[in-house]
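Here the structure is laid out as structure tokens; the discussion comes afterwards.
The values are calculated or read from the model by the stated rules, or taken from the named source; none is laboratory data. The model shown is predicted, which means the values in this text are computed figures rather than measured ones. Using ideal geometry, Cβ is built from the backbone for each residue, glycine included, and neighbour counts are taken over all protein chains shown. The area values use the complete protein model at the heavy-atom level, side chains included, leaving out ligands, DNA and RNA. Shrake-Rupley method; radii C 1.70, N 1.55, O 1.52, S 1.80 Å.
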Protein chains: 2
Amino acid sequence: MSNNALPLSAVELGRIDAWWRAANYLSVGQIYLLDNPLLKAPLCLEHIKPRLLGHWGTTPGLNFIYAHMNRVIRRDDLDMIYLAGPGHGGPALVASTWLEGSYSEFYPNVSRDEEGMRRLFRQFSFPGGIPSHVAPETPGSIHEGGELGYALVHAYGAVFDNPELIACCVVGDGEAETGPLAAAWHSNKFLNPVTDGAVLPILHLNGYKIANPAVLARISHEELEQLFRGYGYTPYFVAGDDPAQMHQDMAAAVDAVVAEIRTIQRTARAGGSDPLRPRWPMIILRSPKGWTGPRSVDGKQTEGSWRSHQVPLSDMASKPEHVRLLQDWMESYRPGELFDAAGAPVAEIAALAPVGERRMGANPHANGGLRLRELRLPDYRDYAVAVARPGQDDAEATRVLGSFLRDVIVHNPDNFRVFGPDETASNRLGALFEVTDRAWMAERLEGDDHLAPDGRVMEVLSEHLCQGWLEGYLLTGRHGFFSCYEAFIHIIDSMFNQHAKWLKVTSREIPWRRPIASLNYLLTSHVWRQDHNGFSHQDPGFIDHVVNKKADIIRVYLPPDANTLLAVADHCLRSRNDINVIVAGKQPAPQWLSMDAAVKHCSTGIGIWEWASNDWQNGGGEAGVDQASEPDIVMACCGDVPTLETLAAVALLRELAPDLRVRVINVVDLMTLQPREEHPHGLTDKDFDALFTRDRPILFAYHGYPWLIHRLAYRRSNHANLHVRGYKEEGTTTTPFDMVVLNDLDRFHLVSDVMDRVPKMRARAPHIKQAMRDRLVEHKEYIERHGEDMPAIRDWKWPW
Amino acid sequence: MSNNALPLSAVELGRIDAWWRAANYLSVGQIYLLDNPLLKAPLCLEHIKPRLLGHWGTTPGLNFIYAHMNRVIRRDDLDMIYLAGPGHGGPALVASTWLEGSYSEFYPNVSRDEEGMRRLFRQFSFPGGIPSHVAPETPGSIHEGGELGYALVHAYGAVFDNPELIACCVVGDGEAETGPLAAAWHSNKFLNPVTDGAVLPILHLNGYKIANPAVLARISHEELEQLFRGYGYTPYFVAGDDPAQMHQDMAAAVDAVVAEIRTIQRTARAGGSDPLRPRWPMIILRSPKGWTGPRSVDGKQTEGSWRSHQVPLSDMASKPEHVRLLQDWMESYRPGELFDAAGAPVAEIAALAPVGERRMGANPHANGGLRLRELRLPDYRDYAVAVARPGQDDAEATRVLGSFLRDVIVHNPDNFRVFGPDETASNRLGALFEVTDRAWMAERLEGDDHLAPDGRVMEVLSEHLCQGWLEGYLLTGRHGFFSCYEAFIHIIDSMFNQHAKWLKVTSREIPWRRPIASLNYLLTSHVWRQDHNGFSHQDPGFIDHVVNKKADIIRVYLPPDANTLLAVADHCLRSRNDINVIVAGKQPAPQWLSMDAAVKHCSTGIGIWEWASNDWQNGGGEAGVDQASEPDIVMACCGDVPTLETLAAVALLRELAPDLRVRVINVVDLMTLQPREEHPHGLTDKDFDALFTRDRPILFAYHGYPWLIHRLAYRRSNHANLHVRGYKEEGTTTTPFDMVVLNDLDRFHLVSDVMDRVPKMRARAPHIKQAMRDRLVEHKEYIERHGEDMPAIRDWKWPW
């Protein structure tokens, strides 16, 4: 058989194998060595780290794939990034990027020489060093390798609207068991071969997780192939453990899949704007866990076993033979052939690496801020609803927002998408469909509603996929917006955590990571307006979850009406490196602020609504001029429904107790409540006291769990007088007004709360409270009879 | 062709079709009617609900399946429950259970007559009535149909250790897009045909979600079949829209799958204890969305379209022709043939229903408390570690717990399982494997570690599957224990929400639902002890998430050592209808309490540790006898690591400021901090003040986010003097001690905090604080050089 029958020439094979051995050597070094990086001296205990922390098992496979991708990137000038799903394969990516030179460009101290190698080894899993998993610190990464399950969905997010990009995505057989990963395979039904790039999934079956085999490694070949054909892929299998043979097999598979990707793209792009869904190729690589590591340790199989998951050799101090085993292991890679005397990789290795930005560690897609283009935003004020008098007219806030977002789509046709779990229309953002469609590459039928391969709205019934696609899209330098039912956004709590931690680390500690667009959530169909959805759909706790994360990247907005929602959304879309949570209702609701007033209100994020307050009007009463600015009660509100109920309570109070001095404060930007030292938006104590007074009772109507307000404000001087109403886990399928009644957040309860808190009302309180109770009884009777709220509640008469 | 060739005789076909029509009629009635249930009068507006809330689309399919299952349950005396994955198909299950009679047994007011039917209709999605989705209120349900994705995993949980049970699980094509559902198909690799029952999955492709088609409905038949063969099932396809033909096709498929299940079970059970993994059957049912509903409304296709997802006909008041359409629609089911003049189902329908507990609405498996057997628990005190003096010896708390759990397994071989995402050994519960294995039905190889078909430890790298299996197991009356890395338990935040809401509703509002075993979490590998895992593995916020739910079902325990962990675990395993969260470390750590002391401490959940305190010893100092019991500082701690650091700080203070009166309080039961009115475990204010004083400074070292302590205690009289240290999102890959230093929770910071807070230390504070800073610098230098903590920190000298 001539050499031509093998995909790799002897020279190519030599290069790839040398790279692989070098990367494996550097990976083992990272896990074990403090010093003596080139093994110039015989290895002894003081060269070895006292705490051995790292994961060898997945690492040689990740190195193997990296080497093979380098060959085709160079040959075909491919634009490729690498996502390492197997969580703890950190040493592999660090080793490979050091070999190609990108690592030392980001971290000049870790130079490509003996001293740099020493630092490379030492820093790994070492205090003050780098984590053992792929992390924001790792060049070329857009994917933290801690929690598992998101590699594939990140990869798809990265290639949307990046037609030339290929995301090589290694999926571990452990993470393949997770739900988000299992769902993510179907992302190929949303990928347009004309305008999007390609994902090359490599399912890496090394057989074992921490202590267990992996499910996909223990089903038959037939089932495995059926599964991935069923997911819509053509799997190419590469399996074995002999390096030379595996290099040839892998090279053949890689050549085939790259050619197939190019053919798919060429065909689709020649064929116009309505392509058929292709069957994308993928690779299933079956190689031993801990490949090339110690065959056995202490008489137990290690290579090819779960025992090589972390550190195959430990107890160095008590087992001197382990030190020798380690030396043998490292020398099995023949470092003398791989590094020159100064510690730099030899020319043969350098010859495999791509050049400049084609190196996967230096690809700008993986440092998305480099590629970020400003959104071209229409003037949000043009979408304002007219508000002649507060409360006079109703509007659906999210529907108004939809028109604005529609034009954001129009002005940014290739770097802005809207994501949601099949709720875009339900959340009343339907205006989007005036200009675009839902992305859809699966079969389409007559009567389908706005489906197209090039749709800009990403809908799938998986919050995980929505979140993951969006993260991948943002991390590669684009913009997006995620709308979701409030209760079910908890599905992605943990993904949010990981993204928030990524942003904290990158924005604070990694200057070469350029700022990316913020992650914007719109939570709607919220706890107070469920209609047919009952108790299971009621959970405002995502805000609490978010606020636990590092303050500098967290923003929470609760605009009370459509114009404030517009102002907030515009601000969020312009921001960088933040996570913005916007909570707003979709149902018809009274509008309070004109656009000018909304802009002013949102610019401070909190303020007195003077038109609803009367503490400045009748301050000249019994208390005299000195206290003209001190109200009897501060009624604060945050969220659209609490604002409505607070204002209705104020209206009642005007009628029932016209001499009561009420100050109404509305909070749009929740984080203003926290002390300035704890959040950049936090009010100073002086400003807080000026709003909330130092000693007057405060009745705070809040959208979510009431204790969050206490947690934000407990250091404020007037905290002892703060009484908060909010959602206290009472609810069922009932009318909108009954939902607030069940949680004591309604206008009638609020009036009673005021009576309990204002000394000067003591005499009149029993009478007024009885009247409120009567109104509540009347309400209960009405809805039990009619199944809907009383007209008097729905058509409330406002005094202004 | 003779009749024998068709699976259904004319009589059977008639019965099934009549049942189906009746259930459909009752479903439409629930969505639309307030009155006139039998259409005795011509339908008019006042018979129709003012708010039309419900989901018709999935309902006829659910009714169709229910009818067909009834036939085989009766014929073969099957023990079957029904899980309705499609969220909002509530009307179907309510209709079918009313038809079979079980509904009226649970809700006698909703009798099987005209008045009962009127109530049945009226209550649906009506204030004070029932939710529109399958809910705890629904007889026969163990699965809330709100959030999607968990039907299949619940079904598997239900049949573990229930060898005769078949869980008929309808999976909607919408929910099939979710991650948890996509992963759950692989549950068949964990199901033992000898000792477990069977799941019969029915993938219901009706094509559409809310506004979109469903992915699985829009891939080719070939891909669909490959996907499910790849998942390890044999799919049987039933597709069409002609009722008579569909009845025959469905009956044939059901006959085939039931026979196949029986064959699989018979073969496996005859074959001994080491069965091969069978290829289980499933059904893929393709039927029109909104089947039998209006073909078109206002000129737009409705049956077979996303437009029938909710209410196909609305705007009744403004469109009188819709009222007529509704009447036509309901009459198309020929109610006169289905119900007698009194409103009861006719004999033909009753003849299809199984009898007694075989009715799916009355099956006791679906009201698991009925079947709950007490756990047989060994005496946890037998597993105690000896504690001669506090701090003298180290133990690994979870390893000690492992021995106890091992014997729980031994004593309860068929109704207790332990669940975890491949972390049982990592979490040091390895003693379990002395008596059992990991459940595993996929291929096994030489060298595998404790895998067996009948293993009692359920490990899969999916927190969703662990949680879902456990929920299904508990809801059908068994017991379980879930151990998980603390940071990643957020993956199931949303599943927790749904289970907590289920428990709240069932325990408070549904007396016929009997109490079930509590859901017990052990969170370990926690934020303070990560070793190689970095910032992405650090999140103690699950506690915050949990505490937001209704107080009466939530318990949170942070045992400081092994003996307290044993006492807490025993208590949790005995409890009912709660969710217990236990947070405990796995690393070697000092032990504080003897078993007797631990029992006493855990019985109150909070207490003064007198042996560590000295406020009672030298109270006779300068302040005189009156203040003998008033300390200069209260040092509270909650969590194993904060307890360690607090006690180390106390040790330092004894040396540096022997006259300082310190009171040490340890909190095991976090909810004791909340007011008694808010949590059943909450301390009264009097008891709280007796512990924490009314005016002395409190320094509280807490395991998690510090503000949670403020949120629990903000109403307490001494709250203004409370200063809390905890995790503030600072962390990386570093040493254990450095982790606490990064968050100011270490002993040296705590001593400095004391100095800032005790007036009598004012003079000495600068000197002591400088000494603490020096120690911190020394620590930093040491770990940067050595990569591990100083021996002096690791081997701390305790004064007691």
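Selection of segment B:485-508 for residues being among the aromatic types (Phe, Trp, Tyr) and open to solvent by less than 10 Å² (accessible area, probe 1.4 Å) yields only B:Phe496.
Scan segment A:9-47 for residues that are under 41 Å from the mean Cα position of the chain (by Cα) and either farther than 23 Å from A:Glu114 by Cα or outside the structural domain of A:Phe126 (by TED's automatic domain parsing) (or both) and the total you get is 2.
Of all residues in segment A:742-764, those being in contact (Cβ under 8 Å) with a residue 12 or more places away in the chain, open to solvent by 10 Å² or more (accessible area, probe 1.4 Å) and farther than 26 Å from A:Leu673 by Cα number 3. Checked against (1) out of contact with any helix residue (DSSP H, G or I) (no Cβ under 8 Å at 6 or more places or on another chain); (2) assigned to a loop (DSSP other than H, G, I, E, B), B:Ala252 passes all but condition (2).
Take A:Leu62 and tell me if it is in contact with a strand residue (DSSP E or B) (Cβ under 7 Å, 6 or more places away or on another chain) and part of a loop (DSSP other than H, G, I, E, B).
The answer is no for A:Leu62.
Looking across segment B:674-689, the residues that are more than 19 Å from B:Ile579 (Cα to Cα) and open to solvent by 70 Å² or more (accessible area, probe 1.4 Å) come down to B:Glu677, B:Asp685, B:Lys686, B:Asp687. Of all the residues in segment B:207-222, those that are under 11 Å from A:Asp448 (Cα atoms), of a type in the set (Gly, Ala, Ser) and more than 8 Å from every other protein chain (Cβ to nearest Cβ) number 1. Residues in segment B:638-665 that are open to solvent by less than 10 Å² (accessible area, probe 1.4 Å) and within 29 Å of the chain's Cα centre (by Cα) were compared, and the one that is nearest to B:Val754 (Cα to Cα) is B:Pro642. One residue stands out in segment B:300-353 among those that are within 14 Å of chain A (Cβ to nearest Cβ) and without any contact (Cβ under 8 Å) to a residue 60 or more places away in the chain: the one that is surrounded by the fewest Cβ atoms within 10 Å (Cβ to Cβ), namely B:Lys300.
You will find that of A:Leu53, A:Leu62, the residue that is modelled with pLDDT under 95 and among the aliphatic types (A, V, I, L, M) is A:Leu53 and no other. The set of residues from segment B:141-150 being open to solvent by 10 Å² or more (accessible area, probe 1.4 Å) and either under 15 Å from B:Met360 (Cα atoms) or among the acidic types (Asp, Glu) (or both) comprises just one member, B:Glu144. Screening the candidates A:Glu443, A:Glu423 for the property of being at pLDDT 95 or above and either out of contact with any strand residue (DSSP E or B) (no Cβ under 9 Å at 6 or more places or on another chain) or facing another protein chain (nearest Cβ under 9 Å) (or both) yields one hit, A:Glu443.
Picking from A:Ala268, A:Ala252, which residue would you name as being more than 7 Å from chain B (Cβ to nearest Cβ), over 30 Å from B:Arg277 (Cβ atoms), open to solvent by 20 Å² or more (accessible area, probe 1.4 Å) and small (Gly, Ala, Ser)? Result of the check over A:Ala268, A:Ala252: A:Ala252. Selection of segment B:549-584 for residues being closer than 22 Å to B:Cys637 by Cα and free of Cβ contacts under 8 Å to residues at least 60 places away in the same chain yields B:His571, B:Cys572. Cβ-Cβ contacts under 6 Å between residues 6 or more apart (or on different chains), taken from a first residue in segment A:772-800 that is more than 14 Å from chain B (Cβ to nearest Cβ) and of a type outside the set (Gly, Ala, Ser) to a second residue that is surrounded by fewer than 19 Cβ atoms within 10 Å (Cβ to Cβ) and assigned to a loop (DSSP other than H, G, I, E, B), are listed as A:Trp800/A:Trp611.
If you go through segment B:378-398 and keep only what is open to solvent by 40 Å² or more (accessible area, probe 1.4 Å) and of a type in the set (S, T, N, Q), you end up with just B:Gln392. Against the list (1) part of a loop (DSSP other than H, G, I, E, B); (2) farther than 23 Å from A:Asn367 by Cα, the condition A:Leu566 fails is (1). For segment A:406-426, the candidate set comprises residues that are in contact with a Cys (Cβ under 9 Å, 6 or more places away or on another chain) and in a loop (DSSP other than H, G, I, E, B); within that set, the residue that is surrounded by the fewest Cβ atoms within 10 Å (Cβ to Cβ) is A:Glu423. Taking the conditions (1) at pLDDT 95 or above; (2) more than 14 Å from chain A (Cβ to nearest Cβ) in turn, B:Leu432 satisfies each one other than (2).
Selection of helices (runs of 4 or more DSSP H) fully inside segment B:701-800 by the criterion of at least 2 residues being within 35 Å of the chain's Cα centre (by Cα) returns B:707-713, B:736-742.
Scan segment B:509-529 and tell me whether some residue there is open to solvent by 10 Å² or more (accessible area, probe 1.4 Å), touching a helix residue (DSSP H, G or I) at 6+ places or on another chain (Cβ under 6 Å) and of a type in the set (S, T, N, Q). Among the residues of segment B:509-529, not one is open to solvent by 10 Å² or more (accessible area, probe 1.4 Å), touching a helix residue (DSSP H, G or I) at 6+ places or on another chain (Cβ under 6 Å) and of a type in the set (S, T, N, Q), which makes the answer no.
Within segment A:114-132, the set of residues being open to solvent by 60 Å² or more (accessible area, probe 1.4 Å) and not in a helix (DSSP H, G or I) comprises A:Gly128 only. So, of the residues in segment A:718-741 that are in contact with a strand residue (DSSP E or B) (Cβ under 7 Å, 6 or more places away or on another chain) and open to solvent by 10 Å² or more (accessible area, probe 1.4 Å), which turns out to be farthest from A:Arg694 (Cα to Cα)? So the residue we want is A:Arg725.
Assessment of segment B:485-494 against the conditions (more than 9 Å from chain A (Cβ to nearest Cβ), assigned to a loop (DSSP other than H, G, I, E, B) and over 12 Å from the mean Cα position of the chain (by Cα)) yields at least one matching residue. When segment B:84-111 is examined, which residues are found to be out of contact with any Leu (no Cβ under 8 Å at 6 or more places or on another chain) and not small (Gly, Ala, Ser)? Correct list: B:His88, B:Thr97, B:Glu100, B:Glu105, B:Phe106, B:Tyr107, B:Pro108, B:Asn109.
For segment B:7-53, filtered to residues that are surrounded by 18 or more Cβ atoms within 10 Å (Cβ to Cβ) and either free of Cβ contacts under 8 Å to residues at least 24 places away in the same chain or on the phi > 0 side of the Ramachandran plot (or both), the residue that is farthest from the other protein chains (Cβ to nearest Cβ) is B:Asn36.
Per-residue answers, yes or no, for (1) open to solvent by less than 10 Å² (accessible area, probe 1.4 Å); (2) at pLDDT 95 or above:
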| position | (1), (2) |
| --- | --- |
| B:Gly89 | yes, no |
| B:Ala95 | yes, yes |
| B:Arg112 | no, yes |
| B:Val159 | yes, yes |
| B:Gly179 | yes, yes |
